[in-house]
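Scroll down for the structure; my scribbles are underneath it.
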Amino acid sequence: MQNTHVFNEPWPKGVTHRYVNQVGATVDITGGGDNTSYRCTGCPYRSSGWAERVAHEHAQGHAEHCRALQRPS
């Protein structure tokens with residue numbers, strides 16, 4: 001069951017795309033072009049300096065398998 005709160009909250013500044021993981025945490029994409037980054041809000045998964053297409057592939061793939069809950073703000 002996914003938490004629906006991530007769909008109703010504004011995105012953090014700089015986030016251009018989001019993927020939702022198995023339990024409602026997000027994998028956020030920032031930047032663009034050859035300097036695109038991604039970060040999971042549930043676990044330590046993150047990386048930067050990727051081509052935009054590659055960053056999206058990694059972020060979506062991680063979101064499909066991650067079961068970490070979103071960390072409290």
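See the values below:
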read-out: Residue among Ala51, Ala68, Ala59 that is modelled with pLDDT of 95 or more and in contact with a strand residue (DSSP E or B) (Cβ under 6 Å, 6 or more places away or on another chain); value: Ala59
read-out: Scope segment 21-73; condition in contact with an Asp or Glu (Cβ under 8 Å, 6 or more places away or on another chain) and over 21 Å from Glu9 (Cα atoms); matching residues; value: Gly32, Gly33, Asp34, Thr36, Gly49, Trp50, Ala51, Glu52
read-out: Of residues in segment 39-59 being over 18 Å from Ser73 (Cα atoms) and either within 8 Å of the chain's Cα centre (by Cα) or among the hydroxyl-bearing types (Ser, Thr, Tyr) (or both), the one most open to solvent (accessible area, probe 1.4 Å); value: Ser48
read-out: Qualifying residue in segment 23-33 (condition: at pLDDT 95 or above, crowded, with 17+ Cβ neighbours inside 10 Å and in contact with a Pro (Cβ under 8 Å, 6 or more places away or on another chain)); value: yes
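The values are calculated or read from the model by the stated rules, or taken from the named source; none is laboratory data. Bear in mind that the values here come from a model prediction, so they are computed numbers and not experimental data. Here the Cβ is made from the backbone with ideal geometry for all residues, glycine too, and neighbour counts use every protein chain on show. All accessible areas refer to the heavy atoms of the entire protein, side chains included, with ligands and DNA or RNA removed. Shrake-Rupley method; radii C 1.70, N 1.55, O 1.52, S 1.80 Å.
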